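Asker: First, the structure itself, so that you have it in front of you.
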Amino acid sequence: MKRVLLLSFALVFALLQQVYAQSTTVSGRVTDQATGAGLPGVSVVVKGTTVGATTGADGAYTVSVPAGSNTLVFRYIGYANVERAIGNASTINVGLSVDDKQLSELVVVGYGVTTEKLSTQSIATVDAESFRNTPLTSPQQLLQGQAAGVQMTNSSGVLGAASSVRIRGAASITAGGDPLYVIDGVPLNNSDSYSQLQGGSARLNPLLNINPNDIESMSVLKDAAAVAIYGSRGANGVVLINTKSGSKNQKTVVSFDYFTGISQPTKLLKYMSAEEYATFRNTYGAAQSATFKPATYDLTNTYDWVEGVVQTGKVSSYNVSARGGNEKTTFYIGGTYSDESGFTIGNELEKLSGRLNLKHDVTENIEVGVNYSLSNSDMRRVGLENSTAAPLTGAYLQSPFVTPYGADGQFQNTGFIVNSIAQDALTKNDFNLMRSTGNAYAQVTFLKDFKFKTDWGIDLLETDSKYRNPDLLSPGGYGYRSNVSDNKWLVTNTLHYNKFLAESGHTFGVLLGHSYETSRFDDIFVEGSGFASDDLPNVASASTPISTSASGSAWALESYFGRVNYDYNSKYLFEATLRRDGSSRFGADYKYGTFYAASVGWVLTEENFLQNANFLNFLKLTSSYGTAGNDQIGNFAYLGLFSGGGGADYNGQAGLIPTTVANSDLRWEETAQFDVTLNATVFERLDLEVSYYNKETVSLLANQPYPYTTGFASATRNIGEMRNRGVDLMITSRNIATDDFQWTTTLNMGFLDNEILSLPANKDAEGRDFLAGSTAQRAIVGEDLNTFYLVRYAGINPETGDAQWLTKDGEITTTYASSNAVIVGSAIPDYTGGFTNTFRYKAFDLNAFFNFSYGNKVLIDGLRFTENPGGAFNKSTDLLDYWTPENKDAFFPALSSPTAPFFNRLSTSQLQDGSYLRLKTFSVGYNVPTELLSKTRVFSTARVYLLGQNLWTLTADNFRGPDPEVSASGGNNQIAGESFFALPQPRTITAGVNLTF
C-alpha cells in the first residue's frame, strides 16, 4: 500500500514538474488609455482556456500561461476588449479605451451598476440620448410612452401639477401608488401636504425642482429582483435618476441650450353663445312650464368668458452647463432658468436651479464626491378642477350675460362663480418652493476586491403659500399664509466585494448595507378676514382671525440589506437580495418587515448549440420572484389619536376629541411578484424584450368604513388582497443604417389585468364586497380596483322624445334611479405604450413619437353641469340638438319631456371611451456641419430645431371631453380616469438651439 502511495505522489509530482516546465508567466499593468491611470479589477484571461487573473488596485497582474496558448484577452466593463499575442514576451502592458457601445449597455441598479447582458432584473432605462434636444419642464415626461409597463397620465394642464405614474399597475388601494424616486442614491420625500389643493386633487409635482437637463439616465425598476433592494418602498416600483458627471482627462465642454415656445389648449368643451343661451333658456322654460315667463336678455351686453380666460401660453428656458476633468478630479456644473405661463390666465411658473457634481481621487484607493442641487420655484396659482375659482371651470359655467365689469366700468362680484378676470387682476395667489437635494460620499478600496462607501444625503424642502382675496371678491377681504418644511437626512453605508476567478470562470459579487433616514414635517397655517384696506396684504392685518394652526410630525426608517451576485462564464446568472426594514409607522410588534428576491438568468447564445445560429446575436432568459413592502399610510395610523381645537372645545373650555382608532396590529402591506423575461437580438438590428409578470398584494392597507354610530368614518386596516398581472413588450428595430441615412423604430406596450381578490365584508346590491372610491367607481371583489358602477343611459326614444335608462335587469325605463347602477367598465387600460420613429439624413434629423392607451373608460364629470338644461349655468351646444318630430335622432330629449330635467344625472352618458392615440412630439433638427463650425473657432457642435407637442389626438368618434388623458384625483389609487373640468394638455410649438464650446 505504501508503495502505491509513493508511486502516486511521484507521478503527480512529475506531472506538475512537466506542466510548470511547459507554462510561462506573464505580468504587466493595465491602464486607462486616455488617463494612464491603473484599472483595478480588469479580467485577464488566456484565450481558449479558463486560466486568468484580475488586476490589482494599481492595474498590475500576473498570469500563468499554459503551453500551447499564445493570446491574452483583457476585459473591463465600459471598455473595449483587447487581445494581445504573447509570443516570447514576459511583460505585456495594455491601455484600454472607453467603449461607447458598452457604456450604452450599462444598467443602473439599486446601489450599483451592471450590464444588460449580465442583469437578471427587469429594468427599463431612458437615457439622455432618447430625450436630447427635447424641451422638457418635468422629468416625468421622459417616462410617458417610453417604458413598457409604465403608465404616466398627466393629471392636469395646470403648471406644476403632479402626473400619475403607475408601474405595472397600482399595488395598493389607499397606501400610495407613486413609485419611489431616487436621485443619485437619495430617496425623495413626496407628500400631498406640500401645497393647498385649491379645489382639486392634483398634487404638487414631486420632481418639479429637478432640472431635466441635468439627467443622464432614468432607470425604472419593475420586477421583484430590481425593487427588493429598496424593501419597504419598492412595491410601487422605483425610478432611479442619475445626474450627469464629467470624465477623467476630458477637456472642459461648455453647453448652452435655449428654447422658446407658445401653447394653446388641445381642445375645449362646447359652450353656447349669448344668443343660443338666451333662446334655449326661454324655449326650454316655456316647454317645461305653462306659467314660465320668458326672460329678456340684452344681447348688446354680453361676455365670452372662455375667450377671456384662455390666452396664448409662453415658455422660455435657458440652460448652461460645463463638464470635464483631469487625472484626479471630474466635475459637472449646470444652471437653468425657465419662465412659463399657461394657456389660462393667472397660471405662471418661474424656476431657477443649479447643480454641482464633483468627484476626486484622494489616492488610488480613496475617492470622495458630492452631488448637490439647489432650486427655487415661484408660481402664480389658479384653482384646480373642482372649484368655480378655476378660470376655465368658471368660464364654462358663467352665464354670457354676466360680465366682468359693472355699469361703472369697474370689476364686479359675479357671485358663486368667481369673476376670473377680476381674480387674475386683484387676487394674490403665490406659491414658492425651495428645495435642496444631494449627497456627499467617501469610498475606500482595500484588499483589492473590497469597496466601502459611506454616503450622507439630504432632501430639504420649504414652501411658502400666500393667498389674499380683495374685498370685491370676498367681502371684507380674506387671506391665508402657509409654511411647510419637510427635511430629510439619510446615511447609507455599503460594503462591496467583487471577485473574478479567471481559472474557473466564476464571478462573485456581494453587497452588504445599512441605512438610516429620518424626516421632520412641520406646517404652520394662519387665515383671517376683515381687512381695512386691500392694500394690506398680510394676514396679521385681518381683524377677524379664522384659524391658526401649527403641526409637526416625524418618521424614521432603519434598514439592513444585502445582495449576492454570481455568474459562470457570463452564461449562467444568479442574484439574491434580502432587506429588513424597521418603520416608525407601525406598532412595536410589527415595526420590522423582511423582504427578499431571487433571480436567475441563462444567456443561451453562450451555449455551443447556438454558436452556428448566425441570425441570433443575443438570447437571454431570466426569471425572478420576490417581495416588497409599503408603509405609506401617514405617521401615526396605528395609534389612537386625539385632537384639540377645531370644535374640540367643551362649553368654552379646552378639550380633546378622538380622531383615530387605535390599531396595534397594523402591519406592513406586502407585494409578491413573479417575473419571466426574454431578451433577444436578431440580425444585428432587431432588439426584443418581452416580460410576463404576476404581482399579488396581501395585507392591503386601506381605509375600512366604520358604522356612523362609532363616531369614526373609517380606520386604516390590513384588509384585503389584489393582483396585477400582465405582459411588457419592447421592440427596437434599426431599419436602415448607412453612413448618410439612419432610420430607427421603437415600440413598447404594457398589457395589464387588475383584480381585487378579497376585501372586508361590505356588500353591494349583488352581494359582492366593495370599497367605494367615488360616487362613480369602486373596488369590487372579482373586478378591478377602478370599476365604474353607474346607471346605464339608453338614449332618446325616437318615438316619444323621452330620455331612457336601464334597470339593473336591463329593462328600459324613463325613471332615473341611482339604485339601478351596475358595473359598466374600468378606468384601467387594457394596454398602453409608445411608438417612435427617428430619421437622420446627413445633418438633418426628424423624430415622431406617439403614445397611446386603449380599453379604458373616463368619466367627464363636468358634462353633468354643461349638459344640465336648468339653472343659470352656461350650457353645451349639444343641448341644441333636442328631439322634435322632425329630429328623432337627437342628443337631448324633447324640451317638454318630463325626463329632460334628469338628463344630466350621473350615468354612462358622461362615461366616455378613453382610448386615444396622440402625436406626443414631432421634431425637425439641423446639425451645423463641423467644417463650418471650425471656422468660428468657438463652437464644437451646434443644432437648431423646431418641435411640436400634443399636435394631434385621435379619440373615439363620440368622445365629448376636452382630453382623454385625465387623472384629476392625482395620486389617489381608488379614483382613476375621472375629470371635473380638468385642463387639457397644451399644444406647444417650440424652437431651440443647442451649442457646445
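The values are calculated or read from the model by the stated rules, or taken from the named source; none is laboratory data. In this text, all values refer to a predicted model and were calculated from it rather than measured experimentally. Using ideal geometry, Cβ is built from the backbone for each residue, glycine included, and neighbour counts are taken over all protein chains shown.
Asker: Scanning for something surrounded by fewer than 20 Cβ atoms within 10 Å (Cβ to Cβ), touching a residue at least 40 places away in the same chain (Cβ under 8 Å) and among the small types (Gly, Ala, Ser), does the range 682-697 turn up at least one residue?
Answerer: Looking for residues that are surrounded by fewer than 20 Cβ atoms within 10 Å (Cβ to Cβ), touching a residue at least 40 places away in the same chain (Cβ under 8 Å) and among the small types (Gly, Ala, Ser), one finds none in the range 682-697, hence no.
Asker: Still on this structure: Looking only at strands (runs of 3 or more DSSP E) that fall completely inside the range 77-156, which ones have 2 or more residues that are at pLDDT 80 or above?
Answerer: On the way: elements: 82-85, 94-96, 106-109, 112-115, 123-127, 150-154.
Here the list reads 82-85, 94-96, 112-115, 123-127, 150-154.
Asker: Please go through (1) outside any strand (DSSP E or B); (2) in contact (Cβ under 8 Å) with a residue 60 or more places away in the chain for residue 612 and return the number of the only condition it doesn't satisfy.
Answerer: Here residue 612 clears every test but (2).
Asker: Here's something else I'd like to know. Restricting to the range 755-770, name every residue that is in a strand (DSSP E or B) and either surrounded by fewer than 24 Cβ atoms within 10 Å (Cβ to Cβ) or touching a Lys or Arg at 6+ places or on another chain (Cβ under 6 Å) (or both). Steps first, please.
Answerer: Applying the first criterion (in a strand (DSSP E or B)) to the range 755-770 yields 755-758, 763, 769-770.
Hits for the range 755-770 are 755, 757, 758, 763, 769, 770.
Asker: Going by the structure shown, is residue 814 more than 23 Å from residue 967 (Cα to Cα), touching a Ser or Thr at 6+ places or on another chain (Cβ under 6 Å), in the same structural domain as residue 675 (by TED's automatic domain parsing) and in contact (Cβ under 8 Å) with a residue 60 or more places away in the chain?
Answerer: Values: more than 23 Å from residue 967 (Cα to Cα): yes; touching a Ser or Thr at 6+ places or on another chain (Cβ under 6 Å): yes; in the same structural domain as residue 675 (by TED's automatic domain parsing): no; in contact (Cβ under 8 Å) with a residue 60 or more places away in the chain: yes.
Against the criterion (more than 23 Å from residue 967 (Cα to Cα), touching a Ser or Thr at 6+ places or on another chain (Cβ under 6 Å), in the same structural domain as residue 675 (by TED's automatic domain parsing) and in contact (Cβ under 8 Å) with a residue 60 or more places away in the chain), residue 814 does not qualify.
For (1) hydrophobic (A, V, I, L, M, F, W, C); (2) touching a Gly at 6+ places or on another chain (Cβ under 9 Å), each residue gets a yes or a no:
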{"residue": "629", "(1), (2)": "no, yes"}
{"residue": "636", "(1), (2)": "yes, no"}
{"residue": "643", "(1), (2)": "no, no"}
{"residue": "654", "(1), (2)": "yes, yes"}
{"residue": "661", "(1), (2)": "yes, yes"}
{"residue": "667", "(1), (2)": "no, yes"}
{"residue": "684", "(1), (2)": "no, no"}
{"residue": "690", "(1), (2)": "yes, no"}
{"residue": "698", "(1), (2)": "yes, yes"}
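Asker: Shifting gears a bit: Can we say residue 969 is under 27 Å from the mean Cα position of the chain (by Cα) and either at pLDDT below 85 or crowded, with 23+ Cβ neighbours inside 10 Å (or both)?
Answerer: Details: under 27 Å from the mean Cα position of the chain (by Cα): yes; either at pLDDT below 85 or crowded, with 23+ Cβ neighbours inside 10 Å (or both): yes.
For residue 969, the condition - under 27 Å from the mean Cα position of the chain (by Cα) and either at pLDDT below 85 or crowded, with 23+ Cβ neighbours inside 10 Å (or both) - is met.
Okay, residues lined up against (1) crowded, with 18+ Cβ neighbours inside 10 Å; (2) hydroxyl-bearing (Ser, Thr, Tyr); (3) under 29 Å from residue 592 (Cβ atoms):
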{"site": "507", "(1), (2), (3)": "yes, yes, no"}
{"site": "520", "(1), (2), (3)": "no, no, yes"}
{"site": "530", "(1), (2), (3)": "no, no, no"}
{"site": "540", "(1), (2), (3)": "no, no, no"}
{"site": "545", "(1), (2), (3)": "no, no, no"}
{"site": "552", "(1), (2), (3)": "no, no, yes"}
{"site": "557", "(1), (2), (3)": "yes, no, yes"}
{"site": "563", "(1), (2), (3)": "yes, no, yes"}
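Asker: Shifting gears a bit: When the range 401-416 is examined, which residues are found to be touching a residue at least 40 places away in the same chain (Cβ under 8 Å), outside any strand (DSSP E or B) and either acidic (Asp, Glu) or touching a Leu at 6+ places or on another chain (Cβ under 8 Å) (or both)?
Answerer: First pass over the range 401-416, keeping only residues touching a residue at least 40 places away in the same chain (Cβ under 8 Å): 401-404, 411-413.
From what is left, the residues that are outside any strand (DSSP E or B) are 401-404, 412-413.
412, 413, listed by residue number.
Asker: It is to be established whether one or more residues within the range 204-214 are over 30 Å from residue 482 (Cβ atoms), at pLDDT 75 or above and not in a loop (DSSP other than H, G, I, E, B). Show your work before the answer.
Answerer: Within the range 204-214, the subset over 30 Å from residue 482 (Cβ atoms) is 213.
Keeping just the survivors that are at pLDDT 75 or above gives 213.
From what's left, not in a loop (DSSP other than H, G, I, E, B): 213.
Yes - at least one qualifying residue is present in the range 204-214.
Asker: Considering every residue within the range 478-501, establish whether at least one is over 39 Å from the mean Cα position of the chain (by Cα) and outside any strand (DSSP E or B).
Answerer: Filtering the range 478-501 for residues over 39 Å from the mean Cα position of the chain (by Cα) gives 501.
Then drop every residue that is not outside any strand (DSSP E or B), which leaves none.
No, the range 478-501 contains no residue that is over 39 Å from the mean Cα position of the chain (by Cα) and outside any strand (DSSP E or B).
Asker: How many of the residues making up the range 447-477 are closer than 20 Å to residue 426 by Cβ, crowded, with 20+ Cβ neighbours inside 10 Å and within 29 Å of the chain's Cα centre (by Cα)?
Answerer: Qualifying residue count for the region: 1.
Asker: Let me ask something else. Among the residues of the range 789-824, what is the count of those that are within 30 Å of residue 697 (Cα to Cα), in contact with a Leu (Cβ under 7 Å, 6 or more places away or on another chain) and surrounded by fewer than 23 Cβ atoms within 10 Å (Cβ to Cβ)?
Answerer: Of the residues in the range 789-824, the ones within 30 Å of residue 697 (Cα to Cα) are 789-790, 821-824.
Next, only the ones that are in contact with a Leu (Cβ under 7 Å, 6 or more places away or on another chain) stay: 790, 821, 824.
So of that shortlist, the ones also surrounded by fewer than 23 Cβ atoms within 10 Å (Cβ to Cβ) come out as 821, 824.
Of the residues in the range 789-824, 2 are within 30 Å of residue 697 (Cα to Cα), in contact with a Leu (Cβ under 7 Å, 6 or more places away or on another chain) and surrounded by fewer than 23 Cβ atoms within 10 Å (Cβ to Cβ).
Asker: Whether any residue in the range 930-940 is surrounded by fewer than 14 Cβ atoms within 10 Å (Cβ to Cβ) and at pLDDT 90 or above is what I want to check.
Answerer: Among the residues of the range 930-940, not one is surrounded by fewer than 14 Cβ atoms within 10 Å (Cβ to Cβ) and at pLDDT 90 or above, which makes the answer no.
Asker: While we're on this one: Take the conditions buried (at least 16 other Cβ atoms within 10 Å of the Cβ), part of a loop (DSSP other than H, G, I, E, B) and of a type in the set (D, E, K, R) and apply them to residue 579. Does it pass?
Answerer: Details: buried (at least 16 other Cβ atoms within 10 Å of the Cβ): yes; part of a loop (DSSP other than H, G, I, E, B): no; of a type in the set (D, E, K, R): yes.
So residue 579 fails the test.
Asker: Please state which one of 674, 636 is assigned to a strand (DSSP E or B), touching a strand residue (DSSP E or B) at 6+ places or on another chain (Cβ under 8 Å) and in the same structural domain as residue 178 (by TED's automatic domain parsing). Spell out how you get there, then give the answer.
Answerer: Details: 636 fails: assigned to a strand (DSSP E or B).
Just a single option satisfies the conditions, and that option is 674.
Asker: Which ones in the range 424-440 are in a strand (DSSP E or B) and buried (at least 20 other Cβ atoms within 10 Å of the Cβ)?
Answerer: Residues of the range 424-440 in a strand (DSSP E or B): 428-440.
Those that are in a strand (DSSP E or B) and buried (at least 20 other Cβ atoms within 10 Å of the Cβ): 429, 431, 433, 435, 437, 438, 439.
Asker: Restricting attention to the range 344-372, which residues are touching a Leu at 6+ places or on another chain (Cβ under 8 Å), over 30 Å from residue 866 (Cα atoms) and hydroxyl-bearing (Ser, Thr, Tyr)?
Answerer: Hits for the range 344-372 are 353, 372.
Asker: Can you name the condition, by its number, that residue 55 falls short on among (1) at pLDDT below 85; (2) out of contact with any Phe, Trp or Tyr (no Cβ under 7 Å at 6 or more places or on another chain); (3) within 22 Å of residue 117 (Cβ to Cβ)?
Answerer: Unmet for residue 55, out of (1) at pLDDT below 85; (2) out of contact with any Phe, Trp or Tyr (no Cβ under 7 Å at 6 or more places or on another chain); (3) within 22 Å of residue 117 (Cβ to Cβ): (2).
Asker: Does residue 176 count as assigned to a loop (DSSP other than H, G, I, E, B) and either at pLDDT below 80 or surrounded by 24 or more Cβ atoms within 10 Å (Cβ to Cβ) (or both)? Break it down into steps so the answer makes sense when it comes.
Answerer: Details: assigned to a loop (DSSP other than H, G, I, E, B): yes; either at pLDDT below 80 or surrounded by 24 or more Cβ atoms within 10 Å (Cβ to Cβ) (or both): yes.
Judged against the criteria, residue 176 is a match.
Asker: Within the bounds of the range 585-593, is there any residue that is crowded, with 18+ Cβ neighbours inside 10 Å and in contact with a helix residue (DSSP H, G or I) (Cβ under 9 Å, 6 or more places away or on another chain)?
Answerer: Yes; the residues of the range 585-593 include at least one that is crowded, with 18+ Cβ neighbours inside 10 Å and in contact with a helix residue (DSSP H, G or I) (Cβ under 9 Å, 6 or more places away or on another chain).
Asker: While we're on this one: Would you point out which residue out of 861, 889 is out of contact with any strand residue (DSSP E or B) (no Cβ under 7 Å at 6 or more places or on another chain) and of a type in the set (D, E, K, R)? Talk me through it step by step, then tell me what you get.
Answerer: Values: 861 fails: out of contact with any strand residue (DSSP E or B) (no Cβ under 7 Å at 6 or more places or on another chain).
Of 861, 889, the one residue that is out of contact with any strand residue (DSSP E or B) (no Cβ under 7 Å at 6 or more places or on another chain) and of a type in the set (D, E, K, R) is 889.
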